[in-house]
Amino acid sequence: MHTIGLLGGTGDLGTALAVHLAKKYDSVLIGSRSREKAQATVNQILEEKGYREYLKTHLKSGSNNDVVKNCDIIIVTVPHESAVETVKQLAQEFRGEQILISSVAALSKIGDQFFPVRTQNSISKQIQELVPSSVNVATAFQTIPATMLYREKEISADVPVACNSLDVYRCVSEIVSSINGLRPLYVGTLELSSELEGLTALLLNIAVRNHLKSPTLKLHSF
Ligand SMILES: NC(=O)c1ccc[n+]([C@@H]2O[C@H](COP(=O)([O-])OP(=O)(O)OC[C@H]3O[C@@H](n4cnc5c(N)ncnc54)[C@H](OP(=O)(O)O)[C@@H]3O)[C@@H](O)[C@H]2O)c1
């Protein structure tokens with residue numbers, strides 16, 4: 001059974017993922033730069049979700065440091081501007097054989113349009129270079145709208161996953177599939193992660209222009 005932790009888990013995507021993952025996993029640690037903020041977030045989730053028993057027992061709070069030290073699956077849910085620096089500051093704390101999933105979407109808004117933020121290396125690749133080689137980085141969740149997930153509305157969405165091996169993909173796909181309605185799809189290696197990090201900008205532009213709420217990705221095969 002995995003222990004799952006969220007870096008910056010106090011935000012919109014972190015809390016949404018935590019609520020779902022706690023249904024299937026015994027230990028979901030919401031991390032923050034501040035332990036007090038993490039505990040306040042857990043309290044808020046419990047209040048908003050009606051003190052469900054599994055949330056009370058499975059949701060835990062801690063620092064981002066605690067997440068890296070104690071979890072075997074770590075999900076990065078901080079804004080793109082701070083993602084690389086956040087992992088850099090924690091780089092000494094990794095203990096190997098962990099999987100780090102970056103949910104980071106790199107986008108900026110100019111006027112009323114969203115644009116992918118292109119850097120020479122994707123955020124995921126930059127992160128992979130910072131952590132020990134025994135830690136495997138994957139890219140996933142960029143196209144899942146946090147608000148809809150948090151509200152636990154019925155969802156049917158695909159989650160493209162980029163990572164460097166099929167073993168890592170199997171592990172990430174187990175995490176993705178544990179959330180009802182999400183289907184993992186293997187994209188290829190981390191070389192392709194910048195494509196995933198840019199997808200959110202595309203979805204948001206389509207949503208704004210076509211009055212779509214909570215846009216997500218669902219592929220059909222004919
Ligand atoms: N929101 C969505 O619908 C959605 C969907 C797909 C992907 N994503 C991606 O998921 C990530 C999280 O999105 P979000 O909307 O949940 O973000 P958010 O709510 O704006 O922020 C998440 C958390 O990041 C931490 N944080 C903020 N500034 C930081 C800094 N300068 N240094 C270190 N930590 C900082 C904060 O945690 P503490 O203050 O507790 O440390 C904050 O609660 C983003 O990269 C986003 O692109 C979001």
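Below are the figures for this structure:
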| item | result |
| --- | --- |
| Region 132-151: number of residues that are within 11 Å of the ligand (Cβ to nearest atom), polar (S, T, N, Q) and surrounded by 13 or more Cβ atoms within 10 Å (Cβ to Cβ) | 3 |
| Subset of region 74-85 (residues that are near the ligand (Cβ under 7 Å from one of its atoms) and surrounded by 21 or more Cβ atoms within 10 Å (Cβ to Cβ)) | 77, 78, 83 |
| Residue 42 being touching a Ser or Thr at 6+ places or on another chain (Cβ under 8 Å) and outside any strand (DSSP E or B) | yes |
| Any chance residue 93 is free of Cβ contacts under 8 Å to residues at least 12 places away in the same chain and either within 16 Å of the ligand (Cβ to nearest atom) or surrounded by 19 or more Cβ atoms within 10 Å (Cβ to Cβ) (or both) | no |
| Options 191, 174, 129, 154: the member that is surrounded by fewer than 15 Cβ atoms within 10 Å (Cβ to Cβ), assigned to a loop (DSSP other than H, G, I, E, B) and among the acidic types (Asp, Glu) | 154 |
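Per-residue answers, yes or no, for (1) under 14 Å from residue 78 (Cα atoms); (2) at pLDDT below 95; (3) touching a strand residue (DSSP E or B) at 6+ places or on another chain (Cβ under 8 Å):
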| residue | (1), (2), (3) |
| --- | --- |
| 4 | no, no, yes |
| 8 | yes, no, yes |
| 12 | yes, no, no |
| 21 | no, no, yes |
| 31 | yes, no, yes |
| 34 | yes, no, yes |
| 38 | yes, no, yes |
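The values are calculated or read from the model by the stated rules, or taken from the named source; none is laboratory data. Because the structure is a prediction, the values reported are computed rather than measured. Reconstructed Cβ throughout: ideal geometry from the backbone, glycine too, with neighbour counts over all protein chains shown.
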